[in-house]
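Engineer: The structure is given below, and queries will be raised subsequently.
The values are calculated or read from the model by the stated rules, or taken from the named source; none is laboratory data. This structure is a prediction, so every number in the text was calculated from the model and none was measured. When we count neighbours, we look across all protein chains shown, and the Cβ atoms used for this are built from the backbone with ideal geometry, even at glycine. Just so you know, the surface numbers come from the protein's heavy atoms only, side chains and all, with ligands and any DNA or RNA stripped out. Shrake-Rupley method; radii C 1.70, N 1.55, O 1.52, S 1.80 Å.
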Amino acid sequence: MAGFAARLLDWHARHGRRGLPWQGSRDPYRVWLSEVMLQQTQVATVIPYYERFVARWPDVQALAAAPLSEVMALWAGLGYYARARNLHRCAQGVVAEHGGRFPTSGAALAGLPGIGRSTAAAIAAFCFDERAAILDGNVKRVLARHFGIAGYPGVAPVERALWQRAQRLLPPAAAMPAYTQALMDLGATVCTRRSPCCDRCPLRATCVARRSGRVAQLPAPRPPRALRIERAHLLVALCRGRVLVEQRAPQGIWGGLFSLPQFASAAALHRALAGLGGSEPPQPLPMRRHAFTHYTLSFTPHVARLPAAVPLPAGARWLRWGEVHTAALPAPVRRLLVELAPMAQAPRAASGSG
Ligand code: SF4
């Protein structure tokens, strides 16, 4: 559509976001890091994580050489932990297979772990001026509304239509970094999900959703689905001002993070506790819930005290209470431990009695 890119660029020059720490960078490492962190995560949440990452690992070589456990620890709290594992794998791949330099085309970038088509396009556009279209959730919303594209954008035919639109709108190569940023900014600050500001929008004159009164209906929401509930029992085993944690398998929910030993039933937890030398019945706490994208975890913590010298299972370790804020723990487990800290450090635990 003639003028779409021009209007966006003009708007961005006057009203685009300024001062984000990754903005204006042509360094693919920094652009990649910010794009991965921004997937499904708000800018305000990402900024401190991004700054800590680049301070600790200023380039892809440094990140590739870091132990995965340190990467996971610094990522803890940002959620969607597969991103952190892929980040580390990707850094190692860039060093091992590309001599420490990111590939310079969107197609090659999309072959790296954890880099999807839209993220690859963003890196290629920002760093190498490639005419590659991005299509993250915000951009899907802008295009679905502006062009009146019905249907849930997560289904293949709708997504295909959006990619085709996105590709046809691209400006000449030299304008790609500003255009890509403009589209992101418009989706984040003007054409927002809940309260779009059409009066301030540079695309309002041609916006189909606005003209037809369908702004609130587009894009179509995800079709409802029944979320399954998974139940679990978590052992909070205390000993001498420490709590027992174990590293989870690399794949799956909370993969690679340290967490509380988890069991499918209270009976299984009691058996494991007996195996660790726990002689008193554990104290169950009220059930808690944590929502994942595809299911809800409903878990019951059980607090128990262990004797001082117990042989730990493989992958398990004692975590000192002072480490709770910095260890690579899933957010709901960290919250639980922070709440339990006063009780866990009460005189009985501090004395080290079983
Ligand atoms: S006019 Fe409104 S609905 Fe249309 S693109 Fe702009 S902000 Fe979004």
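Engineer: All but one of (1) modelled with pLDDT of 90 or more; (2) open to solvent by 70 Å² or more (accessible area, probe 1.4 Å); (3) farther than 26 Å from L78 by Cβ hold for A309; which doesn't?
Structural biologist: (1)
Engineer: I'd like to check something: does segment 219-230 contain any residue that is away from the ligand (no atom under 14 Å from the Cβ), under 27 Å from L68 (Cα atoms) and not assigned by TED's automatic domain parsing to the domain that holds N86?
Structural biologist: Looking for residues that are away from the ligand (no atom under 14 Å from the Cβ), under 27 Å from L68 (Cα atoms) and not assigned by TED's automatic domain parsing to the domain that holds N86, one finds none in segment 219-230, hence no.
Engineer: Against the definition (open to solvent by 30 Å² or more (accessible area, probe 1.4 Å), touching a residue at least 24 places away in the same chain (Cβ under 8 Å) and within 18 Å of R248 (Cα to Cα)), how does P301 come out, yes or no?
Structural biologist: no
Engineer: For segment 153-194, enumerate the residues that are of a type in the set (G, A, S) and in contact (Cβ under 8 Å) with a residue 12 or more places away in the chain.
Structural biologist: Of everything in segment 153-194, those that are of a type in the set (G, A, S) and in contact (Cβ under 8 Å) with a residue 12 or more places away in the chain turn out to be G154, A161, A166, A173, A174, A175, A178, A182, G187, A188.
Engineer: While we're on this one: Please pick out the residue among R211, R168 that is farther than 30 Å from T296 by Cβ, among the charged types (D, E, K, R) and either away from the ligand (no atom under 16 Å from the Cβ) or surrounded by 14 or more Cβ atoms within 10 Å (Cβ to Cβ) (or both).
Structural biologist: Only one candidate passes the filter, namely R168.
Per-residue answers, yes or no, for (1) more than 8 Å from the ligand (Cβ to nearest atom); (2) in the same structural domain as F299 (by TED's automatic domain parsing); (3) open to solvent by less than 60 Å² (accessible area, probe 1.4 Å):
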site	(1), (2), (3)
L183	yes, no, yes
G187	yes, no, yes
P196	no, no, yes
P202	no, no, yes
V236	yes, yes, yes
V243	yes, yes, yes
Q247	yes, yes, no
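Engineer: In segment 247-345, which strands (runs of 3 or more DSSP E) lie fully inside it and hold 1 or more residues that are within 24 Å of the chain's Cα centre (by Cα) and farther than 17 Å from A237 by Cα?
Structural biologist: Counting at least 1 such residues, we get 288-291, 295-305.
Engineer: Name every residue in segment 313-344 that is at pLDDT below 90, open to solvent by 60 Å² or more (accessible area, probe 1.4 Å), more than 21 Å from I253 (Cβ to Cβ) and in contact with a strand residue (DSSP E or B) (Cβ under 9 Å, 6 or more places away or on another chain), in order of residue number.
Structural biologist: The answer is M343, and nothing else.
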